[in-house]
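The next block holds one structure in the form of structure tokens; read it before the comments.
The values are calculated or read from the model by the stated rules, or taken from the named source; none is laboratory data. Note that the structure is predicted; figures quoted are calculated from it, not measured. Quick reminder, even Gly has a Cβ in these numbers, built from the backbone with ideal geometry, and neighbours come from all protein chains shown. These area figures cover heavy atoms from the full protein model, side chains too; ligands, DNA and RNA do not enter into them. Shrake-Rupley method; radii C 1.70, N 1.55, O 1.52, S 1.80 Å.
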Amino acid sequence: MQTPATPNIPTPAETAEQTGPELSLRALLLGLLLAAILGAANAYLGLKAGMTVAATFPAAVIAIAAFRLPFMRGGVLEQNIARTTATVGEALVAAAIFTLPAFVIARVDGEPVWATFNLWQSIAILGLGGILGLLFIIVMRRTLTVDSHLPFPESYACYEIVRAGQRGAADAKYVFGAMGGGMLLELFKNTAGIPLITATKTAILSFVGKHGLALQTPLASPAIIGVGFIIGPRYATLAFTGGLMAWVVLIPILMGLNIDPTIAQDPLIDATKHLWKHHVRTMAIGAMFMASFYTLWGLRQSITSAFQRAFRRTHPQEAVERHCRTEHDLNIKGCFIVAFLLALPMAVVFYHYTHSMVVALVGLVLLLVLGFFLAVIGGWLCGLVGSSNQPVSGITLTALIIMALVLFLLKTAGSAGVAAALTFAVVICSAAALSGTLIQELKVGHLLGATPWKMELAQILGTIVVAFFAVYPMVLLHESTIATNLAAGLPPIGIGGEALPAPQAGLMAHVATAILGGSIDWTLMLIGMGIGALIILCRIPGPMVVAVGMYLSFYTTAAIFLGGVLRWLLDRQLAKRPASGTARIDAQNRGILLASGFIAGEALTGVVLAGVVMLFLKMATANPSAWGALGQHLSLSALFSPTWIAAFAEQFGGWCSLVLFALVAWTLLAIPLRRR
């Protein structure tokens, strides 16, 4: 496994010498402000495209700049707290938009489960789920961030950005130079910017009749390529293997078997996407289900040790380690007690919906047991591929399927059953999203020499505060879209309509109603579990990575693989050179710095453009006569010539993407190979 853990990264003993303020009021307030801004900006992206942009990198850059202001002078530890608190916003908003819209989308007997958003209940279950996830993952902090050998690509990338910003040394030019390049490329690639670059192209290979194969080019994303570069060729290849299995093997087989007659008349590309979204992804969830248990089995000793450390008398050597500031967590035993107390109100919610004490008690047990293990899996996956690529919707669907199946067996169906299942999904989704975010931040803190309990407390406080306004951006977009549709004479549909399809929440609603209605196709899930078992039995390393590759879009796994290939080429060229070990490590570090800059630049631009889209939407809704064009295009191209930009992208966008690939490849290979 190749990670950026090199001699240039200080050891915990060195970072423990960090001094200065850490959990200060100004750091918390700045983090909460950033959480609100970044969370609101991500709400539109999630509802529109089913994805969000990681807040770690924008928050890190803004914190570095903020604590250099004359009235905000602060050190790296305060920056760390501000960034850690800020990431709560994106994680909670992601959990909200992936699950809560399902309540208004799901219909039982033609009626929605919720006629409109239940604001206070949404805030309560979202916040409780987030805090549960934080408490669960705190137990595994040392196991995942210190004892494991996970690559933590985004944690190392964030650490390099913070370190470069603090040192002001020559390395800073690599990070911030690549960041500027990533921002510029994203501006001309993002559909909310000036989209001159085509992100991906699809090629159709037709066979007999309407059968064929749809292949996509790697996503023209410096950030995703950078992730592949950081995690290295091994994990990048495993993720791509899952993508090939889904798109080159399973989809053609399903198409040949005519498993879904409803797509017989659809164009081949649409039929392929439909099969992937509604059939192959279900198989991927089954494979992830098997891989999750396999992963937990591999972590059984670590989990057992974590429980033993929490409830046994401290060994003298452990007492010395815990005395070290960088090894001091919140009280583990207290975390378990608080988690149990927080889960009790959820039993009341389950009883409120179903009027069944059995369902309430079973839901409580499932929430504690399944919630803990899925939170650990969520954190482990963030350590593997980063929070940007964490399949939180897959984790949530696994929990939703289990809960819905239990409710079905307990003969609790109808609107009450669907509401109980979706409530369970919201809590698990919040727990998985927050656990992944915290463990990723704790890894950064471990590298920087931060105090774990202070970071953990900052995220808990941030979750409590952010939960109160994380739902508002979604409600605002829902109501404004309804108003826009009514003004245009269209049906009054907000979230779940064409403008805001909320694909992840729509899938949650479909799964819940299908299972409780007895119409779910268990065959696909069992096939996926069989695939997962086969991967494990064949001793293929990283079965979860392969399953995640099946779940992700092909162009995403192809871009990750491209980044891994570039890392392999760099390592191979360095191995041929008669250079010292230090020189090779320096060259690898330069490549990682550049990849980190690409990730940060694209993420920062994505958040800024999402904010611009929200501004345009609000302006168009408030004054359609003056700003109607902004509401039609919802991108910076509306300020120029949208028609010309679209025509240029149609004719030359693919060639521009080749230029982007060439620039990224040159940056990640040529610059690190330069001799100083």
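No other residue among Val385, Val376 is within 26 Å of Ser596 (Cα to Cα) and open to solvent by 10 Å² or more (accessible area, probe 1.4 Å) apart from Val385. Look at (1) without any contact (Cβ under 8 Å) to a residue 40 or more places away in the chain; (2) in contact with a helix residue (DSSP H, G or I) (Cβ under 6 Å, 6 or more places away or on another chain); (3) within 19 Å of Val113 (Cβ to Cβ); (4) open to solvent by 10 Å² or more (accessible area, probe 1.4 Å) and you find that Phe408 fails only one, number (1). When Phe98 is tested against (1) open to solvent by less than 10 Å² (accessible area, probe 1.4 Å); (2) within 17 Å of the chain's Cα centre (by Cα); (3) hydrophobic (A, V, I, L, M, F, W, C), just one condition goes unmet, and that condition is (1). If the condition is being at pLDDT below 80 and assigned to a helix (DSSP H, G or I), then segment 161-198 contributes Ile161, Arg163, Ala164, Gly165, Gln166, Arg167, Asp171, Ala172, Lys173, Tyr174, Val175, Phe176.
Quick check on Ile131: is it of a type outside the set (S, T, N, Q), closer than 17 Å to Ala432 by Cα and open to solvent by less than 10 Å² (accessible area, probe 1.4 Å)? No: the conditions fail for Ile131. Does any residue of segment 58-67 turn out to be closer than 20 Å to Leu134 by Cα and buried (at least 24 other Cβ atoms within 10 Å of the Cβ)? Yes, that holds for at least one residue. A search for C-beta distances below 7 Å between a residue of segment 353-382 that is under 16 Å from Gln440 (Cβ atoms) and any residue that is modelled with pLDDT of 85 or more and of a type in the set (Ser, Thr, Tyr), counting only pairs 6+ apart in sequence or on different chains, returns Ala375/Ser435; Gly378/Ser435; Gly379/Ser435.
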